[in-house]
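Following: one structure in structure tokens, then a few remarks.
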Amino acid sequence: SFIGEESVAAGEGSILTENPTWIIDPIDGTTNFVHRFPFVAVSIGFVVNKKMEFGIVYSCIEDKMYTARKGKGAFCNGQKLQVSGQEDITKSLLVTELGSNRDPETIKIILANMERLLSIPIHG
């Protein structure tokens with residue numbers, strides 16, 4: 001099976017089943033792409049029995065290929081990635097995204113989440 005982000009965004013229905021399924025977003029970061037902001041990627045995932053088996057993200061502008069496989073770790077251009085081990089959130093950098101949905105109820109939820117995040121004494 002196939003699930004395409006662009007077709008789902010256009011209103012086509014999509015149901016994740018137990019079948020092996022490719023999930024593809026050919027322009028991940030569409031808004032960035034439209035505005036010529038250079039953070040866009042091609043994202044591909046493969047799911048079996050509703051569980052992610054592996055994923056690939058190609059950051060086109062940066063020419064970086066991120067890969068990950070269940071139980072095998074994550075890599076960037078073949079080099080193993082690992083988390084920093086930082087446990088003190090006040091020394092952490094928080095990154096978030098607001099999304100493109102401007103439905104009033106969705107905005108309320110997003111702003112409530114942002115308020116909770118901004119109350120944490122993060123580094124930046």
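The values are calculated or read from the model by the stated rules, or taken from the named source; none is laboratory data. Since the structure is predicted, the reported quantities are computational estimates derived from the model, not experimental observations. Every residue, glycine among them, receives a Cβ derived from its backbone with ideal geometry; neighbour counts consider all protein chains shown. Just the protein is used for accessible areas: all its heavy atoms, side chains included, with ligands, DNA and RNA removed. Shrake-Rupley method; radii C 1.70, N 1.55, O 1.52, S 1.80 Å.
What number of residues in the range 74-103 are farther than 28 Å from Leu117 by Cα and either out of contact with any Phe, Trp or Tyr (no Cβ under 9 Å at 6 or more places or on another chain) or of a type in the set (Gly, Ala, Ser) (or both)?
Count: 3.
Quick check on my filter: what residues within the range 37-78 are assigned to a strand (DSSP E or B) and either at positive phi or surrounded by fewer than 12 Cβ atoms within 10 Å (Cβ to Cβ) (or both)?
Passing the criteria: Lys51, Gly73.
Within the bounds of the range 80-90, is there any residue that is open to solvent by less than 90 Å² (accessible area, probe 1.4 Å), over 28 Å from Ile24 (Cα atoms), assigned to a loop (DSSP other than H, G, I, E, B) and of a type in the set (D, E, K, R)?
Checked the range 80-90: at least one residue is open to solvent by less than 90 Å² (accessible area, probe 1.4 Å), over 28 Å from Ile24 (Cα atoms), assigned to a loop (DSSP other than H, G, I, E, B) and of a type in the set (D, E, K, R).
Could you figure out which of (1) free of Cβ contacts under 8 Å to residues at least 24 places away in the same chain; (2) more than 23 Å from Leu98 (Cβ to Cβ); (3) surrounded by 13 or more Cβ atoms within 10 Å (Cβ to Cβ); (4) not basic (Lys, Arg) isn't true of Thr21?
So the condition that Thr21 fails would be (1).
Give all pairs with beta carbons closer than 6 Å in which a residue from the range 42-63 that is within 18 Å of Pro20 (Cβ to Cβ) meets a residue that is of a type in the set (Asp, Glu); count only pairs at least 6 apart in sequence or on separate chains.
Note: pairs meeting the criteria are Ser43/Asp25; Ser43/Asp28; Phe46/Glu53; Asn49/Glu18.
Being open to solvent by less than 50 Å² (accessible area, probe 1.4 Å) and in a helix (DSSP H, G or I) is the filter here, so list the residues in the range 99-116 that pass it.
Listed by number, the residues that qualify are Thr106, Ile110, Ala112, Met114.
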